[in-house]
There are 2 protein chains.
Amino acid sequence: MTFTEQHERRIPQRTIPRLSHYYRALLESREVQLISSETIAELTGYTAAQVRRDLAYFGQFGTPGRGYSVEDLKKVLLQILGIDHQWNVALIGMGNLGLALLRYRGFHEQGFNIIAGFDNDPRKVGQMIEGVKVHQMDELAEYAKRDQIRMAVVTVPASAAQAVVDQLVGVGVKAILNFAPVRLQVPGGVKIHNIDLAIELERLSFLAIHK
Amino acid sequence: MTFTEQHERRIPQRTIPRLSHYYRALLESREVQLISSETIAELTGYTAAQVRRDLAYFGQFGTPGRGYSVEDLKKVLLQILGIDHQWNVALIGMGNLGLALLRYRGFHEQGFNIIAGFDNDPRKVGQMIEGVKVHQMDELAEYAKRDQIRMAVVTVPASAAQAVVDQLVGVGVKAILNFAPVRLQVPGGVKIHNIDLAIELERLSFLAIHK
């Protein structure tokens, strides 16, 4: 049971976070052998038709009228989302947001293992926070190599973010979650996903005023 | 210069955060009278065609070949995004993430005014943090009424989130930005926008493994 590259190419962006929700529904559900699209829909708040459409992108692994194999579906979703293995993650910027992310248990549960923290504040360097050691930025190359760090979360101020991202790219990081409210340049082959909190509030504001 | 409800209905979800970026581009740009879709595209990283398509949802306010009036476009974008007035915002949960959001200057700059903090930890209640007083949750109704709070940001643990959201709805809050990794129920007329940080990392992981 696997999925093909061919299927994968047509996946709309908005399907991806729904896959994460479906995976969580499988973990929550009491079904052990088969699960219907209706049950997944009920647990996630999407429609059964949406569930079927999203999962159809990845090939045939449901039996019409009977449902999906829970075990197969779990395995395929983990594989699709790239969380069938651990990611070693560097956290850059140990301010309040950095600390909040470090204490956020959800990351570790999903296979995102924050393995090292980096900050240039001498009061923070050398500290051990939630079991994670804080290093100076100029030690990044050393630890990225030693711990095979391929993912990073960036919570530094906007003015410092591009320099940090350049350093990350330089040491082989391939995936960056950026919270700095600024547009950053990365070369092809490196993926960056931005969360701009003010823009998220504006989206909410838009939804609230447009019934 | 305004936009009509009729136009607004067809707006795709993904257009909304782009509007936020266009607005930022107008603030950044040196153009004072007219700005072309090409300049907006250059400043935001979208294509000029995308810019024109997105702005066309809100009516005719560009002149073909000449560009958009900077002043009109700013005004319309503020209005569309619902940030042509201040929002008084309550912050529920004063842990690390709450503190990070409180210190985040981008909110205030865009008209989101965090006016009160709430937490049930007796060590936090009564404190003044970044100019914002921390209250007990049972004082919510009082302050929501006094300060006309219609928006809230929720950073409490998943297990407490539904009870908090019920309280917020009860005191007239209409828009909630939720960081608790749990699906919450709100009645019609109340908008909730969820940011689940583990799901954002999974989206990044997906992007990183699928070239």
Within the bounds of region A:59-68, is there any residue that is under 22 Å from the mean Cα position of the chain (by Cα) and polar (S, T, N, Q)? no
Output for Cβ contacts, cut-off 6 Å, separation at least six or different chains, first residue in the same structural domain as B:Val132 (by TED's automatic domain parsing) in region B:104-117, second assigned to a loop (DSSP other than H, G, I, E, B) and crowded, with 19+ Cβ neighbours inside 10 Å, reads B:Gly106/A:Pro181; B:Gln110/B:Ile83; B:Gly111/B:Ile83; B:Gly117/B:Met94
When you look at A:Leu43, is it closer than 16 Å to B:Glu200 by Cβ and facing chain B (nearest Cβ under 10 Å), yes or no? no
Looking at region A:189-197, can you tell me whether even one residue there is more than 30 Å from B:Gly82 (Cα to Cα), in contact with a strand residue (DSSP E or B) (Cβ under 6 Å, 6 or more places away or on another chain) and not in a strand (DSSP E or B)? no
Just the residues that are at pLDDT 90 or above, of a type in the set (S, T, N, Q) and within 22 Å of the chain's Cα centre (by Cα), please, taken from region B:1-47. B:Thr15, B:Ser20, B:Thr44
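The values are calculated or read from the model by the stated rules, or taken from the named source; none is laboratory data. As the structure is a prediction and not an experimental result, all values here were calculated from the model. Methodologically, a virtual Cβ is constructed for each residue, glycine included, from the backbone with ideal geometry; neighbour enumeration extends over all protein chains shown.
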